[in-house]
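Worksheet: the structure to be examined is printed underneath.
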Amino acid sequence: MTLTLSSFGLRARDYLDRLNSCFSDVILEQIEALAEEVRQAWIDGRNVFICGNGGSAANAMHLANDLHYGIGACGPSPSLHGLRVEALPANAGIITCLANDTGYENIYSYQVEVKGRPGDLLIALSGSGNSANVVKALEAANALGMKTFAILAYSGGSCLELAQVPIHFQIDDMQIAEDTQLIVGHLCMQWLSSNKPTELSHLI
């Protein structure tokens, strides 16, 4: 029996095929590099900061929750503390203060400069890679000696060159771009949950 898809079904199948095609072997190697660096930050007690705008800001908060609690609570031995992680868009008071007093382009870089330390991680989420506040956050993190990652789409924009490890999905679709951000985070989360460190050196 041949199933005839509706117009919705055809469009959905095309969307899912394009999403799946984004995850090449090269991309998976880059995600693995992120996962391993996050795991080491977990062991060392280093901070992980995540930023983005709009849907990417919401994804930053989602992934911060996964890394703060989910990785320790899920999988075998569900008793380990999670990461020291912060979604930089999460505090509306800080965001609106910095946007009002210093300019919207500074809402993340100022936080990075105040909170960040050498060796900390910044994970930037951006479809275009050209959002001024995300670009400035990467610049500030690099200047501090932090380790910088970016999950990008479209051409990758300025962030493609600024991030030390860019994870670049060459897809011109913002919804798929936002999906890839969560998938990268969830791939890392599930791997971290099943590869928990035996001890956290900063708690010894």
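Rule-based calculations on the coordinates, nothing more; no lab input. Please read all numbers here as calculations on a predicted model, not as lab measurements. Cβ coordinates were reconstructed from backbone atoms using ideal geometry, including for glycine residues, and neighbour counts include every protein chain displayed.
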Legend entry - Low-density loop positions, chymotrypsin sites (Phe, Trp or Tyr not before Pro), region 3-73 - DSSP coil, at most 16 other Cβ in 10 Å: F23
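Taking the Cβ of S109 as the center, what net charge do the other residues with Cβ under 12 Å away carry, scoring Lys and Arg +1 and Asp and Glu -1? Intermediate results must be reported in sequence, preceding the final value.
Numbers: positive: K115, K136; negative: E105, E113, E139.
Net local charge, S109 excluded: -1.
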Inset, instruction - Counting only C-alpha contacts under 8 Å and six or more residues apart, can you give the relative contact order of region 106-204 as a whole percent? - result: 23 percent
Legend entry - Residues of region 145-180 with amide N under 12 Å of a point placed 7 Å along Cα→Cβ from D14: none
Inset, instruction - Could you work out how far apart the two model spin labels at Q40 and A99 are, taking each label as a point 7 Å from the Cα in the direction of the beta carbon, and quote it in nm? - result: 3.6 nm
Legend entry - At most 13 other Cβ within 10 Å, DSSP loop - trypsin sites (Lys or Arg not before Pro), region 114-204: none
Legend entry - Reachable aspartates and glutamates from K115, criterion Cα separation under 14 angstrom, eight or more residues apart if same chain: E86
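Can you give me the relative contact order of the chain as a percent, contacts being Cα pairs under 8 Å and 6 or more apart?
Values: 350 pairs, mean separation 49.1, N = 204.
RCO, the chain: 24 percent.
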Legend entry - Among (i) 48, 38, 29; (ii) 62, 45, 30; (iii) 57, 39, 35, the entry that matches Cα extents along the principal axes in Å as calculated here: (ii)
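What FRET efficiency would be calculated for the residue pair E139, L5, taking the C-beta separation as r and a Förster radius of 45 Å, to the nearest 0.05?
Working: r = 47 Å, r/R0 = 1.04.
My answer for the efficiency is 0.45.
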Inset, instruction - Would you mind counting up the charge near H68? Only other residues with Cβ under 10 Å from its Cβ, with Lys and Arg at +1 and Asp and Glu at -1. - result: -1
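Cα gyration tensor of region 129-204, axes a ≥ b ≥ c as square roots of the eigenvalues: rounded (a/c below 1.5), prolate (a/b > b/c) or oblate? Kindly include the intermediate steps, with their values, before the conclusion.
Values: a/c = 3.23, a/b = 1.36, b/c = 2.37.
Oblate is the answer for region 129-204, as a/c is 1.5 or above yet b/c matches or exceeds a/b.
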